[in-house]
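**Q** Pasting in a structure now, in structure tokens, and then I'll have a few things to ask.
Rule-based calculations on the coordinates, nothing more; no lab input. Computed from a predicted model, the values in this text were never measured in an experiment. Cβ: placed from backbone, ideal geometry, glycine included. Neighbour counts: every protein chain shown.
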Amino acid sequence: MRMSNLLLPTLREVPADAEITSHKLMLRAAMIRRLGSGIYSYLPLGLRVLQKVEKIIREEMNNADAQELLMPALLPAEAYQASGRWDVFGASMFKLKDRYDRDYCLGPTHEELFTQTVIDNVKSYKEYPMTLYQIQTKYRDEARPRFGVIRSREFVMKDAYSFDTSDEGLDESYKKMYDAYNRIFERLGLDFTVVDADSGAMGGSGSQEFMVKSPVGEDGIAYCDCCGYAANYEKAECVNAPKPSAEDGGDMEKIHTPNVHTIEELVSFLGAEPYNFAKTIIYKADDKYIAAMVRGDREINEVKLKNLVGCTDDLELAEPYMVRQLTNAEVGFAGPVGLDIPVYVDKEVETMKNFIIGANETDMHYKNVNIGKDFTPHTVADIRVIEEGDACPRCGKPIKTAQGIEVGHVFKLGTKYSEALGLTFQDEDGQSKVVTMGCYGIGVTRCLSAAVEQNNDENGIIWPVSIAPFEVIVIPVNAKNEEQTEAAEKIYNELKAKGIDALIDDRNERPGVKFKDADLIGIPVRIVVGKKIGEGIVEYKERTAPSSAEKTVGAAVDDVVKFVESRR
Ligand SMILES: [Zn+2]
């Protein structure tokens, strides 16, 4: 490709609405352009990267015996009504009507469609196992689209579904996808971690996420360098290390705590430690209310709590008027004693003695509180968020935490959709049985952002060779010097003839502009043709190398081929 023909409106200025590195760089390097909130176009360079990512995914999925098909994005409501998800998706589903007033949506995910396709088209148990996939545009009306294509409202996903006649079959299909995902993310040049993930809400039996560690990631992960344990926050199991109790061993006593609303204010008012308190939070769980208690310095893990309560919708903090009604006090004084709703207590609170709680009375707390003696929990379970330094649930060493960008997810769905939609098969004995399913997603467009987050410097993007829009750029320093331009053309053509994805900067620009653009758009290697071309010498520079090296034309071309082919 000739740069003079390329639509490459690079930006020197950082766009004001871009908050994170990948978003800024993808805009500046003319990979993407914003069309509306969470909606992006891919310009030629960005599309080349996207297509290379898709190619790698396709190759590995096909190698794992998955078959590609393509579902529509415009879906009739009936597809989601049978499974109940027409209502469950709520505001995050883009819903629309056709001219006859019939309901449709723009597909947010395709479990139902794949299940229906198998119901309609597979006639014999002999056709299983089967894994189907597509690379498709999905739509979700995110409440807060942000970070460019990390959380957008239109995005490309690879979604795959496996269909098996037994749990052992599902285990095998899952393993094949798991292995394929490892190869995919390695080939994409991502530094990733596989973590155990929560599967409770969807009723499955096993689930893992592929996370790219990054400070801008929206998911918390807990991992252990000693034993290799890794889980996301929702799943990570908390092991408790009891803290010293308050010494007073007397009976529960009501104390006056005027104008004290937060744990911090209480700590200084009472001269106690945050771990001497247990805080009580009231939630709305579907159509009822519940209370949850954790130690004063801990956070409630709402996913663990939701799974424990068994509600359909996500938990919501109770409205202030309901808190007042349920506790007979202002917000900030809730406690378990005398509360007329189920109280879920974190198991760490069980290790506490003589602690302090809200008294369900404005400006009042109780001290010297003990579980069993002063109140009886509805349930005691692990409902807190794991923290850096907590004991690893597997080996006991201190756990580490990081933020991650979720790029892939593998999930044993089991029979949730096949049961709801009636996907059954007749086995050899003529018995009717339910098919068991797995689902496997990759956030294709999100992989681009994740790759840029992990591979950049102050000059721009450093694309891994496997997904770089071009593998090498040839730059004649002086566009008016015939010897330089002719030699550059020759090198460019030779590289193309050797199967290298080459770009030539044939624009009539100053060398500084050309070098800046080459670095910004992240081309992995460049060959600069300058004054020494008369002696047959060019400059060879890898994007990550601190400086360039002089080489003969032949050696430079050979080195590009070697460098690129070993990294594809
Ligand atoms: Zn460990």
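**Q** On a full-extension model of 0.36 nm per residue, what is the gain between N493 and F269, subtracting their alpha-carbon distance, rounded to one decimal in nm?
**A** Residue separation times 0.36 nm, minus the Cα-Cα distance, leaves 72.9 nm.
**Q** Based on the Cβ-Cβ distance of D103 and Y321, what FRET efficiency does E = 1/(1 + (r/R0)^6) give at R0 = 41 Å, to the nearest 0.05?
**A** About 0.75, to the nearest 0.05.
**Q** Could you work out the local net charge near T312, counting Lys and Arg as +1, Asp and Glu as -1, over the other residues with Cβ closer than 15 Å to its Cβ? Walk me through the numbers before you get to the answer.
**A** Numbers: positive: R85, K284, K288, K306, K416; negative: D87, D286, D287, E302, D313, D314, E316.
Result for the local shell: -2.
**Q** Calculate the dipole size of the chain relative to its Cα centre from +1 charges on Lys and Arg beta carbons and -1 charges on Asp and Glu beta carbons; express the result in debye to the nearest 20.
**A** The calculated dipole for the chain is roughly 1840 debye.
**Q** Using a Förster radius of 45 Å, what is the FRET efficiency between A381 and E68 based on their Cβ-Cβ separation? Nearest 0.05, please.
**A** Once rounded, the FRET efficiency stands at 0.60.
**Q** What Kirkwood radius, in Å to one decimal, follows from the Cα pairs of the chain?
**A** It works out to 27.4 Å.
**Q** I've got another one for you. Just want the ordering: Y181, Y100, Y540, from fewest to most Cβ atoms lying within 10 Å of their own Cβ.
**A** Y100, Y540, Y181
**Q** From Cα coordinates alone, what are the radius of gyration and Dmax values for the stretch 522-568 in angstrom?
**A** 10.6, 33
**Q** A follow-up question, please. Please determine, in degrees from 0 to 90 and to the nearest 10, the orientation of helix 511-520 with respect to the longest principal axis defined by the Cα atoms of the chain, where the helix direction is its Cα long axis.
**A** 40 degrees
**Q** Here is a follow-up. Determine the sum of side-chain charges near S4: Lys and Arg each +1, Asp and Glu each -1, restricted to other residues whose C-beta is under 10 angstrom from that of S4.
**A** Residues close to S4 contribute a combined charge of -1.
**Q** Let me ask something else about it. Beyond 17 Å, how much of the Cα-Cα pair distribution for the stretch 253-381 remains, as a whole percent? Provide the component values of the computation, followed by the final result.
**A** On the way: 4402 of 8256 pairs.
Distances greater than 17 Å cover 53 percent of the Cα pairs.
**Q** A further question on this structure: Rounded to the nearest Å, what's the spacing between the alpha carbon centres of the stretch 300-339 and the stretch 468-524? Just the number, please.
**A** With the stretch 300-339 and the stretch 468-524 each reduced to a Cα centre, they are spaced 63 Å.
**Q** Mind ranking 468-474, 188-194 by how tightly packed they are, going by the mean number of other C-beta atoms within 10 angstrom, highest first?
**A** Packing order, densest peptide first, comes out as 468-474, 188-194.
**Q** Considering only the other residues whose Cβ falls under 12 Å of the Cβ of H256, what net charge follows from Lys and Arg at +1 and Asp and Glu at -1?
**A** Here the count lands on -1.
**Q** Now for a different question. May I have the count of lysine pairs in the stretch 416-562 with C-alpha atoms under 17 Å apart, counting pairs 8 or more residues apart or located on different chains?
**A** 21
**Q** Using alpha-carbon positions, what is the distance between the centroids of the stretch 422-444 and the stretch 91-159, in Å?
**A** So the separation of the two Cα centres works out to 19 Å.
**Q** Right, another one. I'd like to compare 211-221, 153-163: which one has the highest average count of other Cβ atoms within 10 Å, and what's the full order after that?
**A** Result, highest mean Cβ count within 10 Å first: 153-163, 211-221.
**Q** Using a cut-off of 23 Å between alpha-carbon atoms, which lysines can reach K400, once sequence neighbours fewer than 8 places away in the same chain are excluded?
**A** Within the straight-line limit of under 23 Å, K400 reaches these lysines: K213, K235, K243, K304, K347.
**Q** Does the stretch 470-565 come out rounded, prolate or oblate by the C-alpha gyration tensor, with a ≥ b ≥ c the root eigenvalues, rounded set by a/c under 1.5 and, if not, prolate when a/b is larger than b/c and oblate if not?
**A** It comes out rounded by the Cα gyration axes.
**Q** Taking the number of other C-beta atoms within 10 Å as the exposure measure, put H23, H365, H261 in order starting with the fewest.
**A** In order of increasing Cβ crowding within 10 Å: H261, H365, H23.
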